[in-house]
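This report refers to the structure that appears directly beneath it.
The values are calculated or read from the model by the stated rules, or taken from the named source; none is laboratory data. Keep in mind that what you see is a predicted model, and the values were worked out from it rather than measured. In this analysis, Cβ positions are derived from the backbone assuming ideal geometry, glycine residues included, and neighbour counts consider all displayed protein chains. The protein model used for the area step is the full one, side chains on, heavy atoms only, and it has no ligands, DNA or RNA in it. Shrake-Rupley method; radii C 1.70, N 1.55, O 1.52, S 1.80 Å.
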Amino acid sequence: MRSFRLRLILALIAGITVVSVASTYFEMLARKHVLRHELEVRTGWLGTRLQPYAEQALTGGMTPEIAALATELRSHQEALGLAIFDAHGKLVASDGPSDIIGSLLPGPIKVAVKHGTNSSLFSHTGDQQWLEEAIPLHVNGRPAGAIVMLEDASYIRSEAGLVWLQTFWRIAASVVLIVCVTFLMVRWFLMRPISRLAERLRLLRMGHPADGIDHRVEDLNLFTPLAREMKTITETLAKARAAAAAEASLREAGENVWTAERLTVHVRERIGSSRIFVVSNREPYMHMRQGRETVCVVPPSGLVTAIEPVLRACDGVWVALGSGSEDKDNVDQNDRLRVPPDDPRYTLRRVWLSAEEEAGYYDGFANEGLWPLCHIAHTRPIFRASDWKTYQRVNQKFAQAVLQEMEDSQNPIVFVQDYHFALLPRIIKAARPDAHVAIFWHIPWPNPEAFGICPWQAELLEGLLGADLIGFHIPLHCNNFLDTVDRVLESRTDREHTTARRHGHTTTIRPYPVSVDIDPAGTRRDPGGKSRDELLRELGARAEVLILGVDRMDYTKGIVERLMAFERLLEEHPYHRERVTMVQVAAPSRTRIPSYVDLRRNVEAMTERINSRFGTPAWRPVILIQRQCNHEEVTTWYRAADACLVTSLHDGMNLVAKEYLASREDGDGVLILSKFTGAAVELRDALIVNPYDVDGVAETIHRALEMPTAERRMRMQRMRRHVMEHNVYRWAASVLGDLRELHIDVLENVTGGRAEPQLVHSKDEPHRKWA
C-alpha cells in the first residue's frame, strides 16, 4: 500500500509539473509577444513624432538638432539613443551607447529606406536587449535616409523571470493541495469501497450465507466494469457454495438427484471428443435496445436451463433464429457469438430470416398448421402451399448453418428442438451419416386420423425418421407416432423396442418427460420476495385467498374455460365472493395470427363480465395481467398463490405445473391440473380435472380451497419429490445419453432381415419406467 501511495504521489508531482511548465512556457511566449508589440507601437509612435525634426536636421547642419532630438528621446524611460543614416546606410550622426550603435544591423535601415515604411528588429549582446526601430526620412519628397530609435527591452526578460518564479510557487502549492485532495479521494472513494468488497469476499470465503451479505455495488460506480465483474464473482462464489452444499446434503441423504454440475461431468465423460450442436427456433441470448443502450437478455425458457450445461461442457454450438432488434450488430462475420456474455463457454450461431420467411414458416405452417393440428383444441388447422414451401426453405437454411458448424467435427451430436424443424433430421443425416441426430417434439403427437389432415404428412414423417432418436413427453405420443408411421409410410415398426425402420435406417422413439430445475435444498430462495398482500396492493386489489393461472395467451391453454369455471364457483358458492381473487398472467403470444387476436378479445370480455357481475368497490374477482413477466415475477406469484390452475385443453407437458411445485419451498399450495396435459401422467397428487367440464372444475377449485392443511402439504411434498428426482437435468442426460449409446446393427437371418437399436445403459444412467 505504501509503495502504491509513493508511486501515486510521484506520478501526481510529475504530471502537475509537466502540465504547469508547459502551460507557463506558452503563457510566457504570449506575454513576451504582447510586451514586444507594445514596445514596437510606442517606439513607432515616438519615431513618427521625431521624424520631421530628423528630416530638418538631415537638411541643416544637424549638430544642434541631433542634440535636441536626443534630449527629447531620453525623456522616454526605455530610450537608449538614436542614430541617423543617409540613403546609402552610412551613419551620419548619433547620440547614445557607441557599442550598440556600432553593432546595428543594416537590414531594418535598408527596408525603411527602400520601402519607405517602418522596420523593427530586436537584438541583444550579453545581458542587454534592445529594439531597433528604423523610420524612413524624406527630403523634398525623396528618400534621404532613416532615423533609428533604440529602446531598452531588458525589462521583457525580467518579466519572463518573474513569471517563472510565480510558476514555481504555484506548482508547489498545487502539488500540496492536489496530493492532499487525492489522498482523501483515494481513502473515501477507492480504499473504503474496495475494503468493503474485500470484506464481502472474505465473508463468502468463510462460509457466511450469501443472502446475509450486502452485494450492492453503488459505492463502486466510478469503476463500473470492476464493480460488475466483482458482483459476478460474488454471485458465482455464492452459487458454487450453494451447489456444493446441496450436493453434500443430497449425498448425506442418499439422494440420486441430477444437478447442473452432475450433468456437466456426465456429458464430458460420455461424449468424449464429440461436440454437441443444438438447433432451436428461439435463441438462448438476444440483444435488445433499451433506451440508448444495447442489453443482452435471456428469453424465458426452461430449455436454456437444461441445454446450457451440456454445451458448456463440450464447447458446443447453438444454432437459432436471430430475433433481437440488435442481434445483427453483435455477431462476427460468420454470424457467431460467444456466450454467455460474462463467461463465454460455447458458440451461438444466428440464422437470419426475412419477414416473409418468418411469416410463412413460423406464423403460417408451424403455428397455423402444425400447432392446432397436434393440439386437439378444436381450432381448424390452416395449410397453405406457400407456407409449406417456406417451411421447407427455412429448414434447409438451418440445416446448412448446422452443417457449416459441423465441418471440422467428428461424430457430432445434433439435438433438434420441436416442430419447427421436422425436416431437419433427414437433411443432416443425408449429409453427415456419422452424426448422432435426435429431435425432441415438445408438443403432443395426435392420432393418425387427426394427423392425416396435413397434406404433407408423408414428407414430415420422412424428415423425422431421419433422426436416430425421437423424443416425446409421454408414451401415448410415442404410440400415436408409430401408429401414424404405420398408416402413412411403408416401414417396419417394432412395438416392443418402439422403433421404426425405413430406407435401411432405424429410428428409436422414446418418452422423455421434460421438467424444470428445482432447488432441492432451498438454497436459492429469495428471502426478499413480496407477500400476497403486497402483490395485490400494487394492482389496487385485496383478497384473503389467491388463485393463479400462468400461461401464454393461447387457445390451447383453456383460459376461457378456466374463467367460466371461476365464474361458476362464485355462482354456486357465494361464500367465496369478496374473499377469493383469481390472477391470470397471460403473456401475449403470436399476435399476428387472427385466432390469437380473437382469443385475447374473448378473454378480456369475459374478465370484464365477471368483474362487473360480482365485483364490488373494494374487491375485484379477476385480475388479468397481459404482459411478459420475468422469471422472478412469476416465481413471486407462485409463492403467493393458494392454488394454481392449469386447465390446458391439450398440452405436451405444461411446465407451469412443475414450476409451481418447484417454487413452493414452503411445502404448501394445491395444483389443479388438466387431464389432457403430459404432466397429469406424472403428477398424480394434483387434483385432476377435465377442463371442458365447467361444473367439475368449479367444484374442484372449491375442494382445493377447503382442503385440510395436512392433505395439502402431503400432496405437495410427494409432487415436489417427483419433480426433484425427475428434473430438467435428468431429462437432458437421458436424451443425450441414449443418443450417444445408441448403436444400430443390421442383423440378417433366415427369417428375414431385422434391425434394432442396442441401448446400453451404465449403472449411473438415469432410470426410466416405461408406461
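What helices (runs of 4 or more DSSP H) completely inside the range 1-104 contain at least 2 residues that are farther than 21 Å from VAL148 by Cβ and modelled with pLDDT under 75?
Here the list reads 2-59.
Within the range 271-310, work out how many residues are in a strand (DSSP E or B) and touching a Cys at 6+ places or on another chain (Cβ under 7 Å).
Residues flagged as in a strand (DSSP E or B) and touching a Cys at 6+ places or on another chain (Cβ under 7 Å) within the range 271-310 amount to 2.
Could you please find all residues in the range 660-675 being in contact with a strand residue (DSSP E or B) (Cβ under 8 Å, 6 or more places away or on another chain) and surrounded by 23 or more Cβ atoms within 10 Å (Cβ to Cβ)?
TYR660, LEU661, GLY669, VAL670, LEU671, ILE672, LEU673, SER674
Could you please find all residues in the range 137-191 being closer than 30 Å to HIS115 by Cα and without any contact (Cβ under 8 Å) to a residue 60 or more places away in the chain?
ASN140, GLY141, ARG142, PRO143, SER154
Inside the range 429-455, can you point out the residues that are open to solvent by less than 30 Å² (accessible area, probe 1.4 Å) and either in a helix (DSSP H, G or I) or under 17 Å from CYS478 (Cβ atoms) (or both)?
Once the filter is applied, which keeps residues that are open to solvent by less than 30 Å² (accessible area, probe 1.4 Å) and either in a helix (DSSP H, G or I) or under 17 Å from CYS478 (Cβ atoms) (or both), the range 429-455 yields ALA438, ILE439, PHE440, TRP441, ILE443, PRO444, TRP445, PRO446, PRO448, ALA450, PHE451.
Do we have any residue at all in the range 412-427 that's modelled with pLDDT of 95 or more and open to solvent by 50 Å² or more (accessible area, probe 1.4 Å)?
yes
Quick one: how many residues across the range 331-390 are farther than 25 Å from GLY463 by Cβ and either part of a loop (DSSP other than H, G, I, E, B) or touching a residue at least 12 places away in the same chain (Cβ under 8 Å) (or both)?
Residues meeting the conditions: 16.
For residues that are in contact with a Leu (Cβ under 6 Å, 6 or more places away or on another chain) and either among the polar types (S, T, N, Q) or not in a helix (DSSP H, G or I) (or both), scanning just the range 596-655, find the one that is nearest to ASP551 (Cα to Cα).
VAL646
Six or more apart or on different chains, Cβ atoms under 7 Å: show the pairs whose first residue is in the range 478-501 and closer than 19 Å to PRO455 by Cα and of a type outside the set (D, E, K, R) and whose second is part of a helix (DSSP H, G or I) and open to solvent by 30 Å² or more (accessible area, probe 1.4 Å).
Listed by first residue and then by second, the contacts come to VAL488/GLN457; VAL488/ALA458; LEU489/ALA458.
So how many residues does the range 88-105 have that are touching a residue at least 12 places away in the same chain (Cβ under 8 Å) and over 13 Å from PRO136 (Cα atoms)?
12
Tell me the residue from ALA399, ALA458 that is assigned to a helix (DSSP H, G or I), at pLDDT 95 or above and closer than 21 Å to THR347 by Cβ, please.
Answer to the check: ALA399.
Just the residues that are open to solvent by 30 Å² or more (accessible area, probe 1.4 Å) and closer than 17 Å to THR556 by Cβ, please, taken from the range 676-692.
PHE676, ASN690, TYR692
Report the residue count in the range 106-136 for those that are surrounded by fewer than 20 Cβ atoms within 10 Å (Cβ to Cβ), without any contact (Cβ under 8 Å) to a residue 60 or more places away in the chain and not in a helix (DSSP H, G or I).
10
Suppose we filter MET714, MET724 for residues that are modelled with pLDDT of 95 or more, open to solvent by 10 Å² or more (accessible area, probe 1.4 Å) and assigned to a helix (DSSP H, G or I); which single one remains?
Selected residue: MET714, the only one of MET714, MET724 that is modelled with pLDDT of 95 or more, open to solvent by 10 Å² or more (accessible area, probe 1.4 Å) and assigned to a helix (DSSP H, G or I).
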